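Comments concern the structure below.
The values are calculated or read from the model by the stated rules, or taken from the named source; none is laboratory data. Predicted model, so just to flag it, every value in this text is computed and none were measured. All Cβ positions, glycine included, derive from the backbone under ideal geometry; neighbour counts span all protein chains shown.
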Amino acid sequence: MGTALVYHEDMTATRLLWDDPECEIECPERLTAALDGLRQRGLQQRCLCLTACEASEEELGMVHSPEYVALVRRTQTLDKEELQALSKQFDAVYFHPNTFHCARLAVGAALQLVDAVLTGAVHNGLALVRPPGHHSQKEAANGFCVFNNVAIAAKHAKQKYGLQRILIVDWDIHHGQGIQYIFDDDPSVLYFSWHRYEHGRFWPFLQESDAHAVGQGQGQGFTVNLPWNQVGMGNADYLAAFLHVLLPLAFEFDPELVLVSAGFDSAIGDPEGRMRATPECFAHLTQLLQVLAGGRICAVLEGGYHLESLAQSVCKMVQTLLGDPTPPLLGLMVPCQSALESIQSVQTAQAPHWTSLQQNVAPILGPSTHFPEGRSLPLLAESPTYEAAEAALSPLQGELCLRPTPPICTAVALAVPGAALALPPGVLLQEESALREETEAWARLHKSLFQDESLVTLGKILCLLGGILDGQVRNGIAVTAALATAATVEVIIQRCLSHGAQRLLCVALGQLDRPLDLADDGRVLWLNIRGKEAAVESMFHISTPLPQESILQLARTLAQVLLGEAPPSLGPFLMASPEEIRALRLLKTQLEPRWKLLQVAAPRPGPCSPIA
Ligand code: X5A
Ligand code: ZN
């Protein structure tokens, strides 16, 4: 069992009892919609389902004051008018006679999930809870939140398991100011939050939600705020934030556990967020986090108010936690100007605290940078609707999303007897070969290089490739004699293209020349990691320096990761050498005009604009 799902149906037992347009969106149907979605797609059945238990008052006490806990406990016996009067004392909160029970279940669910992951019962998991938690503070309910589920879970992981570094990723569209306050001066908890901000004009209207708030005292640099100053942020903007802010810091921090404040009001269709990231984006965000902390991810539901969008996003996340391949992402991967400005503001604020940001591999863009046609700017666009996004799904996209996960994960074509590669258990050893005539036909492209043994090798590889192209096998490894490698790679590429592949990424480790007659039509992106030098032959033909690591070690790690294991931690963060930094900077400068996700810095409009 790999993934836990923690839930209790009693958490649907709290709801708004009076008229309040601000609070009515936090309704019981949120949980049932998410759960029904998981059930209908057969995902719930694949999880280890745990029934939540109430957290104890002692556990609540790790974050909240006894007086506040007593206040919430007393709401159990209040009548409607008293509940309404008490609710008014807080910002965007409602109480119900069942609030105390539900809120304790929500905390309990988060704690059980942490226990399941840290005892090794599961790799990761999701707690589906109400009420949410990330706005809640030591002595205050706030923004539909009563107890701070994720903050208590982090304290629990520190106290009970002695963890020293916990990463909290808050992708809810609101700022989890409650979590920020609780860990403000604590360097053992790195809190990352992005949120709709609009220069302070969006709820909860706090100065301390801006990028300059980085934590206090020892905790400086361990609060990371990324304010979105426009609505309409999409897949490319979210990915850019992860790639250029969160992941560099996370690798440098090297967490032992990742907690996700998983709010899905940051997805398309949500009335609160008004953003446009599609549900598939959450599969990718999850996958990017899976490389951290040995894959120990505990996600806890926060917001998410468009029932269908919420259900779909939850499903995409759970599917990824279960290890299914990520679905393709919709839309051009071009971050918008406002997103780039926000990202730069965090980088500037955090640079004093993080080595990975000081390297500043990012070139500062000149004002000539333009946006390609076809990307409407969020400001000009009307609020995107969920229905419009669904309609925009191309038939191909639909087909790709529906394609079932291949029955076989990793296959190995072993052509070198006693190959040095110690194969991890669980791989399928490929015995079959492609038909002899077919193999010979492909080999004829490279007559001189395929003889006897290498022809047998090629047959095995073609068979493996066939399995992948037919959807029977998810990925594979072929171990071949060095001599035929270049020609083999070329045949593989041609075979994929003739199958109808639109885009292929070839990553070549070590000295391997790109096949000469490869059409430079953008279908093949050739990335060679080799030697010391960096070179951009074309926008689709790139060489980068090879880090000091043995190829065999890399091959073994690669095999493990292909099988779905979490990659090993990289250990203490090492500053790249000046040589490597120079090489990477060169690559970025040259590649950026074509590859927009490399952009990290927005042109700064200043008093002295550069003269052309
Ligand atoms: C958990 C969460 C939002 C509160 C919005 C109040 N709270 N306008 O999404
Ligand atoms: Zn929210």
So the check is Cβ under 6 Å with 6+ separation or different chains; which pairs have a first residue in region 6-23 that's more than 16 Å from ligand 1 (Cβ to nearest atom) and a second one that's assigned to a strand (DSSP E or B)? 6/50; 6/127; 8/51
Out of the helices (runs of 4 or more DSSP H) lying entirely within region 47-144, which hold 1 or more residues that are within 16 Å of ligand 2 (Cβ to nearest atom)? 99-118
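Could you pull out every one of the strands (runs of 3 or more DSSP E) wholly within region 466-566 that has 3 or more residues that are not β-branched (Val, Ile, Thr)? Let's see the steps before the verdict.
Working: elements: 473-479, 504-509, 524-529, 535-538, 541-544.
Correct list: 473-479, 504-509, 524-529, 535-538.
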Looking at region 185-230 only, could you name the residues that are touching a residue at least 24 places away in the same chain (Cβ under 8 Å) and among the polar types (S, T, N, Q)? 188, 193, 209, 216, 218, 220, 223, 225, 229, 230
Can you confirm whether residue 268 is of a type in the set (Val, Ile, Thr) and either in contact with a Lys or Arg (Cβ under 9 Å, 6 or more places away or on another chain) or modelled with pLDDT under 95 (or both)? yes
Within region 26-46, of all residues that are in a loop (DSSP other than H, G, I, E, B) and in contact (Cβ under 8 Å) with a residue 12 or more places away in the chain, the one nearest to ligand 1 (Cβ to nearest atom) is 26
Can you tell me which condition residue 323 does not meet? The list is (1) more than 16 Å from ligand 2 (Cβ to nearest atom); (2) under 25 Å from residue 564 (Cβ atoms); (3) in a helix (DSSP H, G or I); (4) of a type outside the set (Val, Ile, Thr), and all the others hold. (3)
Given the conditions (1) of a type outside the set (S, T, N, Q); (2) in contact with a Lys or Arg (Cβ under 6 Å, 6 or more places away or on another chain); (3) within 16 Å of ligand 2 (Cβ to nearest atom), every one holds for residue 256 apart from (3)
Could you tell me whether region 188-204 includes any residue that is surrounded by fewer than 22 Cβ atoms within 10 Å (Cβ to Cβ), within 26 Å of residue 282 (Cα to Cα), among the aliphatic types (A, V, I, L, M) and touching a strand residue (DSSP E or B) at 6+ places or on another chain (Cβ under 7 Å)? no
Residues satisfying the stated conditions in region 168-206, i.e. closer than 21 Å to residue 158 by Cα, among the acidic types (Asp, Glu) and not in a loop (DSSP other than H, G, I, E, B): 170
Filter region 279-310 for residues that are surrounded by 24 or more Cβ atoms within 10 Å (Cβ to Cβ), within 16 Å of ligand 1 (Cβ to nearest atom) and over 20 Å from residue 333 (Cβ atoms) and give the result. 299, 300, 301, 302, 303, 304, 309, 310
Residues of region 268-303 being within 11 Å of ligand 2 (Cβ to nearest atom) and under 23 Å from residue 4 (Cβ atoms), in sequence order, are 301, 302, 303
Kindly provide the set of residues from region 235-278 that are under 14 Å from the mean Cα position of the chain (by Cα) and within 16 Å of ligand 1 (Cβ to nearest atom), ordered by number. 259, 260, 261, 262, 263, 264, 266, 267, 277
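Modelled with pLDDT under 80 and under 26 Å from the mean Cα position of the chain (by Cα): does that describe residue 554?
Values: modelled with pLDDT under 80: yes; under 26 Å from the mean Cα position of the chain (by Cα): yes.
For residue 554, the condition - modelled with pLDDT under 80 and under 26 Å from the mean Cα position of the chain (by Cα) - is met.
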Log entry, pairs with first residue in region 263-279 being among the basic types (Lys, Arg), second being within 9 Å of ligand 1 (Cβ to nearest atom), beta carbons closer than 9 Å, six or more apart or on different chains, reads 274/173
Is region 559-570 home to any residue that is closer than 21 Å to residue 411 by Cβ and in contact with a Leu (Cβ under 7 Å, 6 or more places away or on another chain)? yes
Among the residues of region 9-25 satisfying the criterion of being acidic (Asp, Glu) and assigned to a loop (DSSP other than H, G, I, E, B), which is nearest to ligand 2 (Cβ to nearest atom)? 22
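Sort through 314, 260 and tell me the only one that's modelled with pLDDT of 95 or more, surrounded by 22 or more Cβ atoms within 10 Å (Cβ to Cβ) and touching a strand residue (DSSP E or B) at 6+ places or on another chain (Cβ under 7 Å).
That would be 260, the only listed residue that is modelled with pLDDT of 95 or more, surrounded by 22 or more Cβ atoms within 10 Å (Cβ to Cβ) and touching a strand residue (DSSP E or B) at 6+ places or on another chain (Cβ under 7 Å).
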Output yes when any residue across region 142-161 is within 16 Å of ligand 1 (Cβ to nearest atom), farther than 24 Å from residue 274 by Cβ, of a type in the set (Phe, Trp, Tyr) and at pLDDT 95 or above, and no when none is. yes
Within 16 Å of ligand 2 (Cβ to nearest atom) and in contact (Cβ under 8 Å) with a residue 60 or more places away in the chain: does that describe residue 308? no
Unmet criterion (only one of (1) assigned to a helix (DSSP H, G or I); (2) among the β-branched types (Val, Ile, Thr); (3) within 29 Å of the chain's Cα centre (by Cα)) for residue 6: (1)
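State whether the residues of region 120-132 include one that is surrounded by fewer than 18 Cβ atoms within 10 Å (Cβ to Cβ) and out of contact with any helix residue (DSSP H, G or I) (no Cβ under 9 Å at 6 or more places or on another chain). Talk me through it step by step, then tell me what you get.
Within region 120-132, the subset surrounded by fewer than 18 Cβ atoms within 10 Å (Cβ to Cβ) is 120-121.
Cutting the leftovers down to out of contact with any helix residue (DSSP H, G or I) (no Cβ under 9 Å at 6 or more places or on another chain) gives us 120.
Checked against the condition, which is being surrounded by fewer than 18 Cβ atoms within 10 Å (Cβ to Cβ) and out of contact with any helix residue (DSSP H, G or I) (no Cβ under 9 Å at 6 or more places or on another chain), region 120-132 yields at least one hit.
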